[in-house]
Amino acid sequence: MRINHILQYTEHHRYYIFRDFSLSSLDYKMLSLIYQPMVGAFAIAFYQQLYHGIAEGCSGYSSIEQQRKLFLGLGLEMNENGRKHLIEQASKLEAIGLLQTSRLGGPEHADVIYEYELAQPLSPGEFFRNMHLTMLLRDKIGKYAVISLREALGSPEPDELANAELTRENISVPFYELFKLNIRSVDNELEQALSEVAPSRQSAPRPQLETAGIPYGEIILRFPRNSANRRYVERLRGDSDGLAAVNYIAYKYSLSVTDVCRLLDEDGIFDSGSGEVDIDALQLRANQLYRQEQKREGDRQRVLARVQETAEEASEDSDEPAEEYAVQEEFYMAVPKQLAGRCDIQQYNMLMRNEPHTRFLKRFFPGAVPEWIDRAFERIDINYKLAPPVINVLIHYVIGANDTQRITKTFLDAVASNMLLKGIDTFEKAVQYVREQNQLEQEKERRKDAGMSYGKSSARGAAGRGASGRGTSGKPSIPIVQNNASAAAVSADELEELRKLARKLDGK
């Protein structure tokens, strides 16, 4: 329930209820065991109070009353906290599909009236086919409790029939084979009376899964008669779930009836034992077909754009100069090394702002532009729909100012995709994006250098702490004898004295 201001929903506003069903014992069991763990007991109590606002065994509208009745029946205080709490419970019921709230009003009405339209709880089969409700219940009570509830709410098939492979023959008698209506007499009075006493509206249909809307007749009409899978396709006539799954895959991947028939005719799409559609295999083949078609469509767009560009250049009047846009100094980008000396910073930024990317790209290469680079920027221009000045800034960032040797197709696609996601559609935004990326790279380099220097200093400090922590070494400090060639030569007298001293020490 979307309420912009708390005073738009008070106990003084009036309301009425509409429902066109009656709760059965299975519905009460679903409310108690399935819906209550998801939204809480108070929300289910609010739902039952709205349900009993219309007499049991009847359907249609309730009388118009003040919402004070709802507050008193639920034991809520008539203040801001009570209103917020009731709005929260109504929102929970709306989220799981049990309630739709509308606000009625007009210029001639001084106040608004709230309408509460109730929806019948889903049957166990419908509920557990709805994946988002099943996943919510699993998050609330756990996986094994969900499995136990699913088994408790359904009666299993007898063992004698579960494994038996029996043929099914529909022997039911249709209506017009047994009953004959008198179509000659038309009772206008009865029709008028029924239309007058019937409710003026029907309950809103439940939101269904989006499908391609391809009926079984369209598929079987185009399916080959001599195909080995035709007998499986014919079973889709009575398999509503299988046909809905095929339609959802067709809607998801934008497949036509011809594409669906082509996929159903391939091997491995149907289970040979049960004859049911293998959803995973069908989705895989549909995804491959979708990607191939996207690639062909991109190639067609590029070829058509190239032909259109050639025609425009041929019909262009050379006497009329193209409009140029100035670049403010605060958005100037530095001239790259490839163009240093060929133009100054003002000329370079004017070229980057106004020149087509095909011409701007050629300035970075002495000869022809490599084919893969030309195709990559052509795809970015035609398929990604980036603005021409943004593409030129991308060229400057990747080819001109990038010195890290990352000029690859993957890097180009990554940068272009990042620009698209951030909504960069002008020259100024692109320049700001490039500056932010350069700043991030510089900070990363600084952190890397700081980490390396810190590691070296830590190693040196650990070595110093290890030496000082062990105390004084037990080994003496022995000086190293160095060969000093510049020492003075020994005289003959000194040499004779040294010999005498040596003989004396030897005892000779």
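Okay, residues lined up against (1) surrounded by 14 or more Cβ atoms within 10 Å (Cβ to Cβ); (2) over 30 Å from TYR384 (Cβ atoms):
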site	(1), (2)
VAL246	yes, yes
ASP265	yes, yes
GLY273	no, yes
GLU293	yes, no
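Contact map, the stretch 277-305: residues that are basic (Lys, Arg) paired with residues that are at pLDDT 85 or above and assigned to a helix (DSSP H, G or I), Cβ distance under 8 Å, separation 6+ or inter-chain. Pairs shown: ARG285/LEU263.
Screening GLY97, GLY106 for residues that are modelled with pLDDT of 90 or more and either β-branched (Val, Ile, Thr) or assigned by TED's automatic domain parsing to the domain that holds ARG14 (or both) leaves exactly one candidate, GLY97. Which numbered condition in (1) over 19 Å from ASN226 (Cα atoms); (2) at pLDDT below 85 is the only one that ALA286 fails? Among (1) over 19 Å from ASN226 (Cα atoms); (2) at pLDDT below 85, ALA286 violates only (2). Assessment of the stretch 338-352 against the conditions (outside any loop (DSSP other than H, G, I, E, B) and among the charged types (D, E, K, R)) yields no matching residue.
In the stretch 52-85, of all residues being part of a helix (DSSP H, G or I) and crowded, with 20+ Cβ neighbours inside 10 Å, the one that is nearest to the chain's Cα centre (by Cα) corresponds to ARG83. Among the residues of the stretch 82-93, none qualifies, meaning not one is in contact with a Lys or Arg (Cβ under 8 Å, 6 or more places away or on another chain) and modelled with pLDDT of 90 or more.
Tell me, yes or no, whether the stretch 157-178 has at least one residue that is within 42 Å of the chain's Cα centre (by Cα), outside any helix (DSSP H, G or I) and closer than 28 Å to LEU50 by Cβ. Looking for residues that are within 42 Å of the chain's Cα centre (by Cα), outside any helix (DSSP H, G or I) and closer than 28 Å to LEU50 by Cβ, one finds none in the stretch 157-178, hence no. Residues that are more than 30 Å from HIS132 (Cα to Cα) and among the acidic types (Asp, Glu) were ranked within the stretch 143-190; the one that is modelled with the highest pLDDT is GLU169. When ALA376 is tested against (1) among the small types (Gly, Ala, Ser); (2) in a loop (DSSP other than H, G, I, E, B); (3) in contact with a helix residue (DSSP H, G or I) (Cβ under 8 Å, 6 or more places away or on another chain), exactly one condition is not met: (2). Do the conditions hold for GLN89, that is, is it part of a strand (DSSP E or B), in contact (Cβ under 8 Å) with a residue 40 or more places away in the chain and polar (S, T, N, Q)? Judged against the criteria, GLN89 is not a match. When GLU428 is tested against the conditions (1) under 25 Å from ALA326 (Cβ atoms); (2) within 27 Å of the chain's Cα centre (by Cα); (3) assigned to a helix (DSSP H, G or I), the lone failure is (2).
Of the residues screened, VAL112 is one that is surrounded by 10 or more Cβ atoms within 10 Å (Cβ to Cβ), of a type outside the set (Gly, Ala, Ser), touching a residue at least 40 places away in the same chain (Cβ under 8 Å) and more than 20 Å from TYR47 (Cβ to Cβ). If you check PHE21 against the conditions, is it within 38 Å of the chain's Cα centre (by Cα), assigned by TED's automatic domain parsing to the domain that holds LEU104 and in a loop (DSSP other than H, G, I, E, B)? So PHE21 fits the description; yes.
Among helices (runs of 4 or more DSSP H) entirely within the stretch 227-301, having at least 3 residues that are within 26 Å of the chain's Cα centre (by Cα) singles out 240-252.
The values are calculated or read from the model by the stated rules, or taken from the named source; none is laboratory data. The shown structure was predicted, so the numbers you read here are calculated from the model rather than taken from an experiment. Using ideal geometry, Cβ is built from the backbone for each residue, glycine included, and neighbour counts are taken over all protein chains shown.
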